[in-house]
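J.: Just dropping this structure here.
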Amino acid sequence: MSEHSPKNPAPAEDAESEPRPGRVRKPIGWSTIVIAALVAVSAALVWRRDGTDGVLDILTHDLSLFSGILPHEKVSRALGPKSGLKGLLIGTAFGAILPGGPFTAYPVASALLAVGADFGATIAMVVSWTLIGYGRAVAWEIPIMGTDFTLWRILISLPLPVLAGALGRFVYVRLYPQPEPKDNET
């Protein structure tokens, strides 16, 4: 039988010994570099389109410029009811790259609906943000679950936002039919 019973556990190693060194963290990791690069590219595109004033407006007015950045006609064309599969794919891609938590995703989805996106594309965006969102994958999933698991999960999840958006469009059109425009005959 063992010398140490459960009532008399083995003594712990000397508590006065040197502590185990922890994992040394780099001040700037690769995820920070990726996010900084995305911010820089976005700022450069805004600067190219609107100049310095455009960049400063975004920095000072936060999300209040959302309707100015996404005019109703362009959103309606790209994500509206007549956008077809293209609109669902754009919504899916947008949701996958949208950073932040629910405090970001749901106001953006609401703003998209307000400026002309349909339910299907918005559902695809929210489902994509939930299932594929790179922010959680980079910050949590890859470090904890590993790259192979994360890539396979994302690959398997790719069609789901498009399917959810298509189903959302199908159901919405049947629950809330749009009245046919009446031709004025004289």
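J.: Taking the conditions exactly as written (buried (at least 18 other Cβ atoms within 10 Å of the Cβ) and farther than 19 Å from Leu163 by Cα), does Gly116 satisfy them or not?
T.: yes
J.: Could you list, in sequence order, the residues of region 142-168 that are touching a residue at least 24 places away in the same chain (Cβ under 8 Å) and under 14 Å from Ile132 (Cα atoms)?
T.: Ser157, Leu158, Leu160, Pro161, Val162, Ala164
J.: Now, a different point. Pairs please, first residue from region 105-124 and under 15 Å from Lys82 (Cβ atoms), second anywhere and of a type in the set (Gly, Ala, Ser) and not in a helix (DSSP H, G or I), Cβ atoms under 6 Å, 6+ apart in sequence or on different chains.
T.: Close Cβ pairs (under 6 Å, with a partner that is of a type in the set (Gly, Ala, Ser) and not in a helix (DSSP H, G or I)) amount to Gly116/Gly80; Asp118/Gly80.
J.: Hey, another quick one. Hey, can you tell me all the residues within region 1-56 that are among the β-branched types (Val, Ile, Thr) and either more than 28 Å from Pro143 (Cα to Cα) or at pLDDT 75 or above (or both)?
T.: Answer for region 1-56, where residues must be among the β-branched types (Val, Ile, Thr) and either more than 28 Å from Pro143 (Cα to Cα) or at pLDDT 75 or above (or both): Thr32, Ile33, Val34, Ile35, Val39, Val41, Val46, Thr52, Val55.
J.: If you don't mind, another one. Pick out the one residue from Ala121, Ala111 that is in a helix (DSSP H, G or I), in the same structural domain as Lys74 (by TED's automatic domain parsing), more than 13 Å from the chain's Cα centre (by Cα) and at pLDDT below 95.
T.: Ala111
The values are calculated or read from the model by the stated rules, or taken from the named source; none is laboratory data. Not measured: the values here are computed from a predicted model. In this analysis, Cβ positions are derived from the backbone assuming ideal geometry, glycine residues included, and neighbour counts consider all displayed protein chains.
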